[in-house]
Amino acid sequence: MNRSLREFRRRVVVFVAALAIAGIGVLSDMRSVAQEQAAAEPESPAASEDLFQVPEGDADALYQYMEKLAQTEPEGESQEEQIAFSIKALSALAEAADRLLAAKPTPQQAKDAQMYRAQGLRALKTMLQMTGGDTAEVQKRLDEALQAARQSDDDDLVRLGWQGYIDDRTENWSELDDAQKQAFRDEVLRKVEEGGPQLIDVSIASATATNLDRQDEAFAAAFLAEVLPKLQQTEDQEVKDAVAEANFEGMLRRLKLPGNPMEINGSLLSGGEVDWNSYRGKVVLVDFWATWCGPCKAELPNILKMYEGYHDKGFEVLGVSLDQTEEEAKSEKLPWDSIFPGDENQRGFDHPLVKYYGINGIPTAILVDKEGKVVSMNARGPELRAQLKKLLGDPIEKPAEEKPEEEKAEEAAAK
């Protein structure tokens, strides 16, 4: 049976567990599938060392072993024991895939083996990093596996190879030197240029820019400035539509904001249109958020505290609400105003400002100084506090509110 990449990924329980332990992103439905399988199937007996002995058999035997091992959940009471199990399982899985590819596999077996090998080596590298192990050899094997996938004639393998390559490089971006970063950029651009832009090239460019969005804005902006004209050189309407849907222009506009003015307009929840010019001379936090966004709501106490301490010194907050209804947008009863479209078709991620700046996730908190220039693209938590102290000095300490007499009496009686 010919399985798609998505269907294949849904079956790999050991990868789900390993990646969950490592705390790195996986498809949202993978965990639920693994849980459904665990509930539907009886628990396997405790694994012995024989489980990690790769058989010497033919392609069919190796394939059956690889499939069994890939669907074996990590064992152990503690996280450390589960990680140790995963390291052994993933090492054996990668070895089994190598042996299978060297045998005489069917086309489907060869494809699955490449997928297992690429994903297994990525998870193994993460496990070793967590335990302080040496990743040099695994990195070499991973690079070779991802390159082989990228050069395949199979679309699923090509997608897997590029996504794995992009994720691997960008997840460790701070550890790369300038030459390595440049080599990564060159390879992505070379792929887009080969044979003219294709649909997969749009996905590759989008994944690269999105992964680098909040960790190296300057590099991401320079990359988009180079790749966008290349993607736009196409007569294929499907590719044109994909480029438009990816909204690279909006993302590039946002990535170029640091040190530059920000354009803001729209209807306010309180009524009327926002007068952006009236905010000049103040430090302003432009907060893209929604009540359905957990991290957004978790950040609200910090913003409220900063607002209380710095508002009288010239700090303002202007929300950009991605809620779907006016009632939701007003439910937090915040002391500052929010931009909220009257047109129901312009709400959520269809908000005009969200599209204008290519916002692909919230919260997005952008801090603007008194001159109207952007000074921080991620003004949350400690970053917001540090920037406000830098721009406005120490917060105003307000005296604690006097307790009501009856509350004082109750406290005295309790003593």
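The values are calculated or read from the model by the stated rules, or taken from the named source; none is laboratory data. If you're wondering where the values come from, they're calculated on a predicted model, not measured in any experiment. Note that each Cβ is placed from the backbone with ideal geometry, even for glycine, and that neighbours are counted across all protein chains shown. Remember, those area values only see protein heavy atoms, side chains included, never the ligands or the DNA or RNA. Shrake-Rupley method; radii C 1.70, N 1.55, O 1.52, S 1.80 Å.
Counting Lys and Arg as +1 and Asp and Glu as -1, what is the net charge of the other residues whose Cβ lies under 14 Å from the Cβ of residue 179?
On the way: positive: 169, 181, 185; negative: 175, 177, 178, 186, 187.
So the environment of residue 179 carries a net charge of -2.
How would segment 66-144 be classified by its alpha-carbon gyration tensor: rounded, prolate or oblate, with rounded meaning a/c under 1.5 and the a/b versus b/c comparison settling the rest? Provide the component values of the computation, followed by the final result.
Values: a/c = 2.99, a/b = 1.49, b/c = 2.00.
Note, shape of segment 66-144 comes out oblate.
Classify segment 134-202 as rounded, prolate or oblate from the Cα gyration tensor: take a ≥ b ≥ c as the square roots of its eigenvalues, call it rounded if a/c is under 1.5, otherwise prolate when a/b beats b/c and oblate if not. Walk me through the numbers before you get to the answer.
Numbers: a/c = 2.33, a/b = 1.34, b/c = 1.73.
Taking the square roots of the gyration eigenvalues as a ≥ b ≥ c, segment 134-202 is oblate.
Can you give me the % of accessible surface on segment 89-210 that is carbon or sulfur? Probe 1.4 Å, all protein chains present, nothing else counted.
Working: 2330 of 5210 Å².
Heavy-atom surface of segment 89-210 belonging to carbon and sulfur, 1.4 Å probe: 45 percent.
Can you order the peptides 213-226, 317-330, 110-123 by their average number of other Cβ atoms within 10 Å per residue, highest first?
Values: 213-226: 17.4, 317-330: 19.3, 110-123: 25.1.
The densest-packed peptide leads the list: 110-123, 317-330, 213-226.
If the cut-off is a Cα-Cα distance under 18 Å, which lysines reach residue 181, setting aside same-chain residues fewer than 8 apart in sequence?
Straight-line reach from residue 181, under 18 Å: 140, 191.
Using Cα-only point scatterers and the Debye equation, what is log10 of I(q)/I(0) for segment 171-217 at each q in 0.17, 0.24, 0.26 Å⁻¹, rounded to two decimals?
-0.53, -0.93, -1.02
For the cross-link pairs 313/390; 305/333; 68/88; 305/373; 313/389; 305/355, which exceed 19 Å when the distance is taken from alpha carbon to alpha carbon?
Pairs exceeding the cut-off: 305/373; 305/355.
Quick one: pull the percent of accessible area on segment 236-361 belonging to carbon and sulfur, 1.4 Å probe, ligands and nucleic acids left out. Before the final figure, lay out each step's value.
Details: 2800 of 5990 Å².
Reported share for carbon and sulfur atoms: 47 percent.
Treat segment 70-112 as a sphere of radius equal to its Kirkwood radius over Cα pairs and apply Stokes-Einstein at 20 °C in a medium of 1.002 mPa s; give the translational diffusion coefficient in µm²/s, rounded to a whole number. Present the calculation step by step, with values, prior to reporting the outcome.
Numbers: Rh = 11.6 Å.
My calculation gives 184 µm²/s for D.
Does segment 224-266 come out rounded, prolate or oblate, given a ≥ b ≥ c as the square roots of the eigenvalues of its C-alpha gyration tensor, rounded meaning a/c under 1.5 and, failing that, prolate meaning a/b above b/c? Intermediate results must be reported in sequence, preceding the final value.
On the way: a/c = 4.20, a/b = 1.95, b/c = 2.15.
Oblate is the answer for segment 224-266, as a/c is 1.5 or above yet b/c matches or exceeds a/b.
Give the ranking of 308, 332 by solvent-accessible surface, highest area first, calculated with a 1.4 Å probe. Can you show the working numbers first?
Values: 308 105, 332 65 Å².
Greatest to least solvent exposure: 308, 332.
Accessible area, 1.4 Å probe, largest first: how do 349, 288 sort?
Numbers: 349 90, 288 0 Å².
Output order, biggest surface exposure first: 349, 288.
Please sort 237-247, 355-365 by packing, taking for each peptide the average over its residues of neighbouring beta carbons within 10 angstrom, highest first. Provide the component values of the computation, followed by the final result.
Working: 237-247: 15.5, 355-365: 19.2.
Top to bottom by mean Cβ count within 10 Å: 355-365, 237-247.
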